[in-house]
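The values are calculated or read from the model by the stated rules, or taken from the named source; none is laboratory data. Bear in mind the structure is a predicted one, so any value in this text is a computation, not a measurement. As a convention, Cβ positions derive from the backbone with ideal geometry for all residues, glycine included, and neighbour counts pool all protein chains shown. Just so you know, the surface numbers come from the protein's heavy atoms only, side chains and all, with ligands and any DNA or RNA stripped out. Shrake-Rupley method; radii C 1.70, N 1.55, O 1.52, S 1.80 Å.
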Amino acid sequence: MDTPNNSLITPDARMGLAGAQPGAAATAAAGPSLAGGADFGGFTQRVPMLNQFRSNPRVPLIVAVAILVMVVAGLVMWSRQPDYRVLFSNLSDRDGGAIVAALQQGNIPYKLSDGGGAILVPGEQVHETRLRLASQGLPKSGSVGFELMDNQKFGISQFAEQINYQRALEGELERTIGSISSVKSARVHLAIPKPSVFVRDKELPTASVMVNLYPGRVLDEGQVVAIAHMVASGVADMPVKNVNIVDQDGNLLTSQSAANGLDASQLKYVQQIEHNTQKRIDAILSPLFGAGNAHSQVSADIDFSKLEQTAESYGPNASPQNTAIRSQQSSESSETGGSSIGGVPGALSNQPPQPASAPVDAAASGAAATAKTGPQNQRKDTTTNYEVDRTVRHYEQATGGIKRLSVAVVVNYEKKVDAKGNVTMTPLAADKLAQVQQLVKDAMGFDEKRGDSVNVVNSAFSADLNVTPEAPWWRTPQMIAWGVQAAKYAGIGIVGLFLYFSMVKPAMKRAFPPPPETAPTFAAPDELSLLDGPAAEGAKKLDEDKDAEVSLLGHESKKAKFDRNLDYARMVARQDARIVATVVKNWVSDER
């Protein structure tokens, strides 16, 4: 019974045993060859290992995954590469070497461009790196300021001291001009004459400034005038007209108009007057006609002349009672006549006095005294000086006065909608146009004595006048930046997917192939013939039922195959348990 029972092992089990025997035989056959090949330097050992490495289906998977990881990591690192900005440019070789050494010492990444003339560092570290290098005194070839006067040698001559002072002053001006945003660097040359004790021999200092601007940058007229005033204010007795400014292309930036006072500030003041007047006119017309239906232009004539005048006038004097007295002088004198002793001292003049006689009455005595003394002479002089009617006037006219204003206003036709919804454009009435003109005069501050003029015109506007084209949303700078960022990451994702589907997925299929479909494990017809009694009849009946089912369906699914094998095993176990015990016994003995 053992022999027929052993033949009940399923065909899959027998195929496994048959496959194991050639493998064991191959191993036994390869054993002597490997043992014999070990005597030749291990070459024959390395060849089978190489063949085994090549035949391993997981090697392509490992290589593909490694390449994918390397590519994705490289793309991510490339996308996160810092944006390098210029730290210093136009450096000498000595300063460049010192700065590079300082950057290497501080572990700061850097790049060289323009043949080593410019040093670039990450954009977020530019300012911090400049401060660090400035604390170390780098770069050293820049302009020097008043620190040149710190280490003066003892016994230096006056000429050398004057030259050092001039160099320090030039360096300070260069630093100040270089701090302007549009100026990359600047050079200042001062010509300071030697002072003289004679006024007629006095010479005024002059200055020449050369500015090196950044690419694409320009200095407007106001900035040029500001630089000229700054240099003139930094040097004693230097007028603004003695400062000349030149750019790196040799263009003279200063002009005679700036030296004469006609600078950009005056033009800006004129534009401000015109803009404010136009804004007031538009603000009062917009509620009447709507936005865009009334436009105005203003032209202002501004007087920038500076006038100083002094006038002195004299008027006729008024009555003395209403006139102030400046000074008054009075003098009075009196003289009385009579006999008097006089003459040359001598006998005649040394006569004795006459005897006194008492008068009869007072009147007689007075008359007698008067007759005796003789006539009286009195004199009184009075001098009075009055203030003169004098008027002194000093006129100083402020600059920037408005000489004349000219305003032009154009108003669109009035829109009217009828009952049917039709829109028609009709001109304004004469009275309404006159009201508009009066409103414009009041808004601008019309002055007829000044010669102002106002012109109001009513005309139909073009249909395209109020259309203001706007840039599409996808052309805004923010959307462009987002698009560039999204395209960068989308490119990384596309590359990753391409590598996955072209390398990783095929390698995974080769490394992990799908399990092969197992053949039906039913007993062969010859094996069924070995079964005796009801077991053979049940097995034959089960095979006939399954064959009928397969013929009806046209195919047999995996679940059907499994159910068929399971039913077959259960049927054999129920009909003859000795067969199952024998199969299990053979399995246990094979494992030993």
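Residues in the range 73-81: is at least one surrounded by 12 or more Cβ atoms within 10 Å (Cβ to Cβ) and modelled with pLDDT of 80 or more?
yes
Please count how many residues of the range 182-194 are over 13 Å from I227 (Cβ atoms) and in a loop (DSSP other than H, G, I, E, B).
Result for the range 182-194: 3.
Collect the residues in the range 99-116 that are open to solvent by 40 Å² or more (accessible area, probe 1.4 Å) and outside any loop (DSSP other than H, G, I, E, B), keeping them in residue-number order.
A101, Q104, Q105, K111, L112
Only residues that are surrounded by fewer than 16 Cβ atoms within 10 Å (Cβ to Cβ) and either outside the structural domain of E172 (by the TED database) or more than 18 Å from V188 (Cα to Cα) (or both): list them for the range 215-249, please.
Hits for the range 215-249 are P215, G216, R217, V218, D220, G222.
Residues being without any contact (Cβ under 8 Å) to a residue 24 or more places away in the chain and acidic (D, E): count how many of those fall in the range 266-292.
Of the residues in the range 266-292, 1 are without any contact (Cβ under 8 Å) to a residue 24 or more places away in the chain and acidic (D, E).
Output the residues belonging to the range 119-141 that are hydroxyl-bearing (S, T, Y), surrounded by fewer than 17 Cβ atoms within 10 Å (Cβ to Cβ) and in a helix (DSSP H, G or I).
At the first step, the residues of the range 119-141 found to be hydroxyl-bearing (S, T, Y) are 129, 135, 141.
Still in the list and also surrounded by fewer than 17 Cβ atoms within 10 Å (Cβ to Cβ): 135, 141.
Selection gives S135 alone.
With the checklist (1) open to solvent by less than 70 Å² (accessible area, probe 1.4 Å); (2) within 30 Å of S313 (Cβ to Cβ) in hand, flag the one item K441 doesn't pass.
Single failed check for K441: (2).
State whether one or more residues within the range 146-156 are within 22 Å of G178 (Cβ to Cβ), open to solvent by less than 80 Å² (accessible area, probe 1.4 Å) and at pLDDT 75 or above.
Scanning the range 146-156 turns up no residue that is within 22 Å of G178 (Cβ to Cβ), open to solvent by less than 80 Å² (accessible area, probe 1.4 Å) and at pLDDT 75 or above.
Of (1) at pLDDT below 90; (2) open to solvent by 70 Å² or more (accessible area, probe 1.4 Å), F461 satisfies all except one. Which?
(2)
Please enumerate the residues belonging to the range 69-101 that are farther than 18 Å from G116 by Cα and aliphatic (A, V, I, L, M).
V69, M70, V71, V72, A73, L75, V76, M77
Would the range 438-448 turn up any residue that is farther than 30 Å from L75 by Cβ and more than 46 Å from the chain's Cα centre (by Cα)?
Yes, that holds for at least one residue.
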